[in-house]
Amino acid sequence: MAESATIRMPQATIPPIEHTFGKLALGCWVFGRTHWGGQNVQDSRAVMEAALRRGMNHFDTSSAFGDGVSETLVGEFLKQDYHRRDGMCIATKLLPREGTAEEIEKSLASSRSRLSAEVIDLYYVQWPLPRVDMRPMFEVLAKEVEEGRVRAVGVSNFSLEQLKQAREVCPIHAVQFCYNLLWRPTEVEKELIPYCNESNLATITTSSIAQGLLTGRFGAEPMFAAGDNRVNTVWHERGVWPKVFATVEKMKEIAKEAGRPLSHLAIRWLSRKAEISSIVVGARTSVQLNELAGAMVGEIDEAHFDKLTAISDEFLPSLPEAGNIFRYYP
């Protein structure tokens, strides 16, 4: 993959750093085995192996993915061959419960241990706590960057105002948010992304293929394994799902015209946007990973993307005012 993005730290008070990663990133949530109806460890390792062969050097995990199981798998995989870490950007996160300096110090130590890494490439605070002043947490992260134990700091699922507050005390390098053809919040599209671009912050999309919906493989009555949390997203709510299904069916017609899987068009719809730095996609098997990575190969006529945007524009007003796809309000 020739396309790449660069995290830069422009603040003059701390020595500048850069970290370049591929446009397509591997999301490691499913490796945690919870929330997705289970996952085979060998399959997870095969996915990581296939990702490296495809030139994907940006892995995205979290201490919350299976209570550290995902981090441990990623750490063990990379530890097999130390040189696998060369040029890699391993991102992990904290899902805060208290919002204290002590919490983040403990989380950083645990993540380093599970990832078998003395230095964390990119560390996110995953969800803000709206009634807690989180600046003490970010002050800890600023010190970690100064002392070289964290290379870059990010925020995930933060509003623009919450991002600005974090930047008061800590250099922020990357901003992560849910964004795809079926979820384009006005604040993200019209405010957060432009601000990040003006401020030279990397922008990373999650749920980039809408938790698998933009593969086009779900039937009119989708079935989920026990424990698969996707059934609880806004898209699958009564009254919403029929509109989602109808919209995806329209998008599949555009994919047929293009002669490509819908997942390819959904990923390339994002990658063609210069304002998007990196696109996180997850896969259960190496076959799925290779199919998704194939999105970056070959030409796709711009007219197909225009049609997808028009379908998306028509669909978006039918979504409820939920704030996020999980209706998660910490």
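The values are calculated or read from the model by the stated rules, or taken from the named source; none is laboratory data. In this text, all values refer to a predicted model and were calculated from it rather than measured experimentally. No Cβ is skipped: glycine too gets one built from the backbone with ideal geometry, and neighbour counts run over all protein chains shown. Areas reflect the complete protein model, heavy atoms only, side chains present, ligands, DNA and RNA absent. Shrake-Rupley method; radii C 1.70, N 1.55, O 1.52, S 1.80 Å.
Report the rotationally averaged projected area of the stretch 31-81 based on its alpha-carbon convex hull, in square nanometres. Intermediate results must be reported in sequence, preceding the final value.
On the way: hull surface 13.7 nm².
Hull-based average projected area comes out at 3.4 nm².
Comparing 310, 283, 46, which has the greatest mean-square fluctuation in the GNM of the chain with Cα pairs linked when under 10 Å apart?
In this elastic network of the chain, the residue with the biggest mean-square fluctuation among 310, 283, 46 is 310.
Among the complete DSSP H segments of the chain, which ones combine at least 24 Å of alpha-carbon extent along their axis with a mean Kyte-Doolittle hydropathy of -1.0 or more? It would help to have the intermediate numbers written out before the result.
Numbers: long enough: 241-258 (25 Å, -0.35).
In the chain, the long hydrophobic H runs are 241-258.
Compute the Kirkwood hydrodynamic radius of the stretch 245-330, taking the inverse of the mean of 1/r over all pairs of distinct Cα atoms, and give it in Å to one decimal.
Details: mean 1/r = 0.0690 Å⁻¹.
Radius from the Kirkwood sum: 14.5 Å.
Antiparallel versus total DSSP beta bridges in the stretch 155-297: what percent is that, nearest 5? Kindly include the intermediate steps, with their values, before the conclusion.
Details: 1 of 10 bridges.
Bridges in the stretch 155-297 are about 10 percent antiparallel.
Can you show me the helix-derived [θ] at 222 nm for the chain, built from DSSP H runs with n ≥ 4 at -39,500 (n - 2.57) apiece and divided by the number of residues, rounded to the nearest 500. Intermediate values should be presented prior to the final figure.
Details: 10 runs with 115 residues, N = 330.
So the calculated ellipticity at 222 nm is -10500 deg cm²/dmol.
Select from the stretch 129-229 those GluC sites (Glu not before Pro) which occupy a DSSP coil region and have at most 14 other Cβ atoms within 10 Å, ordered by residue number. Intermediate results must be reported in sequence, preceding the final value.
Numbers: sites: 139, 144, 146, 147, 161, 168, 187, 189, 191, 198; in loops: 147, 168.
Listed in order of number, the matching sites are 147, 168.
Given Cβ point charges of +1 (Lys, Arg) and -1 (Asp, Glu) and nothing else, what value in debye, to the nearest 20, does the dipole of the chain about its Cα centre take? Provide the component values of the computation, followed by the final result.
Working: 37 positive and 42 negative charges, 118 e Å.
Approximately 560 debye in magnitude.
What list of ³J(HN,Hα) couplings, whole Hz, do you get for the stretch 187-192 from phi and the Karplus terms 6.51, -1.76, 1.60, once you set θ to phi - 60° and write x for glycine and proline?
4, 5, 6, 9, 10, 5
Of 227, 211, 281, which is farthest along the charge dipole of the chain in the positive direction, counting Lys and Arg as +1 and Asp and Glu as -1 at C-beta?
227
Which GluC sites (Glu not before Pro) from the stretch 41-101 combine a DSSP loop assignment with at most 16 other Cβ atoms within 10 Å?
Numbers: sites: 49, 71, 76, 98; in loops: 98.
Sparse-neighbourhood loop GluC sites (Glu not before Pro): 98.
Test of understanding: what is the full-extension gain from residue 290 to residue 53, defined as 0.36 nm times their sequence separation minus their Cα-Cα distance?
Values: separation 237, 0.36 × 237 = 85.32 nm, distance 0.95 nm.
The residue 290-residue 53 span can extend by a further 84.4 nm.
Modelled label-to-label distance, residue 329 and residue 314, 7 Å Cα→beta-carbon offset: nm?
Each label point lies 7 Å from its Cα, and together they span 3.3 nm.
In Å, the Kirkwood hydrodynamic radius of the stretch 25-141 over pairs of distinct alpha carbons? It would help to have the intermediate numbers written out before the result.
Working: mean 1/r = 0.0684 Å⁻¹.
The answer is 14.6 Å.
So, with +1 on the Cβ of K and R and -1 on the Cβ of D and E, and no other charges, what is the size of the charge dipole of the stretch 248-296 about its Cα centre, to the nearest 20 debye?
Magnitude of the dipole: close to 20 debye.
So how compact is the chain: Cα radius of gyration and Dmax in angstrom?
So, for the chain, Rg and Dmax equal 19.0, 55 Å respectively.
Strictly over 32 Å apart at the Cα level, which of 23/243; 106/164; 106/190; 93/250; 243/273 would you flag in this model?
Details: 23/243 30 Å; 106/164 25 Å; 106/190 36 Å; 93/250 36 Å; 243/273 26 Å.
Violating the 32 Å Cα-Cα cut-off are 106/190; 93/250.
So for the chain, taking the charge dipole from beta-carbon charges (+1 Lys/Arg, -1 Asp/Glu), which of 290, 89, 42 sits furthest toward the positive end?
With unit charges placed on the Cβ atoms, the residue in question is 42.
Quick check on the stretch 174-239: what are the equivalent-ellipsoid semi-axes from the Cα gyration tensor, as sqrt(5λ), descending, whole Å?
On the way: eigenvalues 168, 27, 20 Å².
Ellipsoid semi-axes (Å, largest first): 29, 12, 10.
State the percentage of accessible surface on the stretch 23-108 attributable to carbon and sulfur atoms; use a 1.4 Å probe and exclude ligands, DNA and RNA. Please report the intermediate quantities before stating the final value.
Details: 1640 of 3430 Å².
It is 48 percent, rounded to a whole number.
Just grab the label-to-label distance for residue 238 and residue 98, each label 7 Å out from Cα along the Cβ direction, in nm (one decimal).
Calculated label separation equals 4.1 nm.
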